[in-house]
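Note sheet for the following structure.
The values are calculated or read from the model by the stated rules, or taken from the named source; none is laboratory data. Everything numeric here is computed off the predicted structure, so don't read it as measured data. Cβ atoms come from the backbone with ideal geometry, glycine included; neighbour counts cover every protein chain shown.
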Amino acid sequence: MPNPLSDEIAKTTVELTELENQRNKYRAEMETLGLFSWPSMAASREKYPEKFLYLEDLDRRVEIVRQKIMSLQLASINKVSEDLNQNVQTLNESTKSLEKTTTKLVRSSTRIEYLTMVVVLATISSIAIALIQINIYYSVAVSLAGLIALMRLWQKIGKHPAFKTREAENKSE
């Protein structure tokens, strides 16, 4: 999207260049006539007041256009700063949203990992039950190992931040 301030700055710069060229050309003509020589400058001002007034008018117009360019450049900088600020805010909001999504994903992943361990322990328990028919000692050993693993898992789950309750999260904040 074209920036109207940039277009206006470009037009005003062209205008300034034309005015400066016009002023410099007029000043050169006056210097050629010897109107700026030191001893006769006061007399030249009295003899050719319209030439000096026109040169002063050109100087004044050049300064006005320069001030207009500076104002346009400041407005352009302000616009760019506002756009940058808005983009930074959008980026910040996106980052926060991504952080929340990542946190949810990590929680879900951790829960899936623990639930998979529960399934594995349930499988071990069913194997232990099936082993009762073959050898009761193997069944007891597998059941104890499964029970110990299950207790460690529940102990680990209780301490893991992914399994914090909403009340516990609110208290920590």
task = Taking residue 68 as the residue in question, decide whether it is closer than 25 Å to residue 14 by Cα and touching a Leu at 6+ places or on another chain (Cβ under 7 Å).
result = no
ask   = When you scan region 48-82, how many residues do you find that are surrounded by 11 or more Cβ atoms within 10 Å (Cβ to Cβ) and either on the phi > 0 side of the Ramachandran plot or under 25 Å from the mean Cα position of the chain (by Cα) (or both)?
value = 9
remark   = Just one listed residue, out of 123, 102, is out of contact with any Gly (no Cβ under 6 Å at 6 or more places or on another chain), assigned to a helix (DSSP H, G or I), farther than 16 Å from residue 149 by Cα and hydroxyl-bearing (Ser, Thr, Tyr), and it is 102
request  = With respect to residue 84, determine if the residue is farther than 30 Å from residue 142 by Cα and in contact (Cβ under 8 Å) with a residue 40 or more places away in the chain.
outcome  = no
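Okay, residues lined up against (1) of a type in the set (S, T, N, Q); (2) more than 21 Å from residue 66 (Cβ to Cβ); (3) outside any helix (DSSP H, G or I):
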residue	(1), (2), (3)
14	no, no, no
18	no, no, no
21	yes, no, no
31	no, yes, no
43	no, yes, no
54	no, no, no
message = Taking the conditions exactly as written (of a type in the set (Gly, Ala, Ser) and in a helix (DSSP H, G or I)), does residue 37 satisfy them or not?
response = no
task = Taking only region 27-44 into account, find how many residues are surrounded by 15 or more Cβ atoms within 10 Å (Cβ to Cβ) and modelled with pLDDT of 90 or more.
result = 1
message = Here's a check for you: in region 1-12, which residue that is in a helix (DSSP H, G or I) and not small (Gly, Ala, Ser) is nearest to residue 58 (Cα to Cα)?
response = 12
query = Going through region 1-28 one residue at a time, which ones are of a type in the set (Gly, Ala, Ser) and either more than 31 Å from the chain's Cα centre (by Cα) or more than 14 Å from residue 76 (Cβ to Cβ) (or both)?
reply = 28
request  = For region 94-115, state whether one or more residues are under 22 Å from residue 5 (Cβ atoms) and not aliphatic (A, V, I, L, M).
outcome  = no
ask   = So is residue 155 over 30 Å from residue 6 (Cα atoms) and not in a helix (DSSP H, G or I) or not?
value = no
request  = Show the residue pairs that are 6+ apart or on different chains and have beta-carbon atoms under 6 Å apart, the first residue being within region 96-117 and at negative phi, the second being surrounded by 10 or more Cβ atoms within 10 Å (Cβ to Cβ).
outcome  = 107/162; 110/162; 114/157; 117/153
